[in-house]
């Protein structure tokens with residue numbers, strides 16, 4: 001009996017590498033169009049064929065808020081320098097396309113992501129991009145109530161049926177602002193909270209933003225990055241262990 005078990009284990013060790021290799025090939029095959037798109041992108045970038053790169057982009061191409069998203073190839077080409085410059089082009093051209101688990105295929109540690117044979121996201125922030133972003137923040141701040149101005153980053157913004165909500169990073173302080181829907185943002189918010197906490201949920205990009213106010217907790221549950229049947233984001237309000245409300249808060253993307 002002992003000999004039979006040993007023989008089975010021996011066969012298992014022989015077969016296992018081939019099984020693992022087959023699984024790996026199956027994964028790669030499911031992303032074949034993305035690997036091809038990455039190769040086309042690199043060839044076009046090497047030739048400085050900007051139109052060919054633009055033709056690979058899935059629009060709208062989202063940017064960090066409040067910088068406007070790019071709606072079409074014409075806008076993309078006009079803002080080319082925000083994404084590509086003499087620093088990152090050589091690195092992107094020579095980078096290997098890699099699969100980052102279930103997230104998909106990307107170049108240069110997530111600088112450019114591919115989805116369904118298209119460029120789905122570009123995370124390269126050149127000096128031109130940073131300048132444009134700071135200008136957008138300055139312009140946007142001028143439209144806000146005094147305490148909401150001068151932020152470093154809009155972490156999340158969304159709308160419920162009655163409220164427009166923004167969570168903003170001000171230095172080390174995460175702040176919450178809520179205005180009534182349709183209100184002028186230059187007016188004082190209905191509610192302003194400081195000292196918020198950012199709580200990532202797994203590795204999929206989802207997160208919770210939690211703010212406390214005199215025994216009440218306001219939570220923004222951002223779950224649309226990885227979801228099953230429910231792709232909504234929510235505003236939840238609770239007092240102690242009792243949940244007082246839980247309503248959809250739809251992300252504002254522009």
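The values are calculated or read from the model by the stated rules, or taken from the named source; none is laboratory data. Small disclaimer: the values here were computed from a predicted structure and weren't measured. Methodologically, a virtual Cβ is constructed for each residue, glycine included, from the backbone with ideal geometry; neighbour enumeration extends over all protein chains shown.
A few points about this structure:
- Of the numbered criteria (1) closer than 30 Å to residue 101 by Cβ; (2) surrounded by 13 or more Cβ atoms within 10 Å (Cβ to Cβ), the one residue 218 fails is (1).
- Among the conditions (1) touching a strand residue (DSSP E or B) at 6+ places or on another chain (Cβ under 8 Å); (2) surrounded by 15 or more Cβ atoms within 10 Å (Cβ to Cβ), residue 125 misses just one, which is (1).
- Extreme residue, nearest to the chain's Cα centre (by Cα), among residues of the stretch 131-150 that are part of a helix (DSSP H, G or I) and surrounded by 13 or more Cβ atoms within 10 Å (Cβ to Cβ): 133
- Residue check for residue 116: within 22 Å of residue 55 (Cβ to Cβ) and loosely packed, with under 13 Cβ neighbours inside 10 Å: yes
- Residue within the stretch 13-33 that is under 30 Å from residue 132 (Cβ atoms), assigned to a helix (DSSP H, G or I) and either modelled with pLDDT of 90 or more or assigned by TED's automatic domain parsing to the domain that holds residue 115 (or both) present: no
- Criterion (closer than 30 Å to residue 131 by Cβ and outside the structural domain of residue 120 (by TED's automatic domain parsing)) met by exactly one of 171, 195: 171
- Close contacts from the stretch 188-200, counting a first residue that is without any contact (Cβ under 8 Å) to a residue 40 or more places away in the chain and a second that is loosely packed, with under 13 Cβ neighbours inside 10 Å and assigned to a strand (DSSP E or B), with Cβ to Cβ under 8 Å and a gap of 6+ residues or different chains, come to 190/180; 194/173; 195/173; 196/173.
- Answer from 153, 118 - the residue that is over 23 Å from residue 72 (Cβ atoms) and touching a strand residue (DSSP E or B) at 6+ places or on another chain (Cβ under 7 Å): 153
- Filtered residues of the stretch 37-84 (kept if more than 22 Å from the chain's Cα centre (by Cα) and in contact (Cβ under 8 Å) with a residue 40 or more places away in the chain): 39, 42, 45, 46
- Matching residues, the stretch 52-78, being within 16 Å of residue 131 (Cβ to Cβ), surrounded by fewer than 17 Cβ atoms within 10 Å (Cβ to Cβ) and in contact with a strand residue (DSSP E or B) (Cβ under 8 Å, 6 or more places away or on another chain): 64
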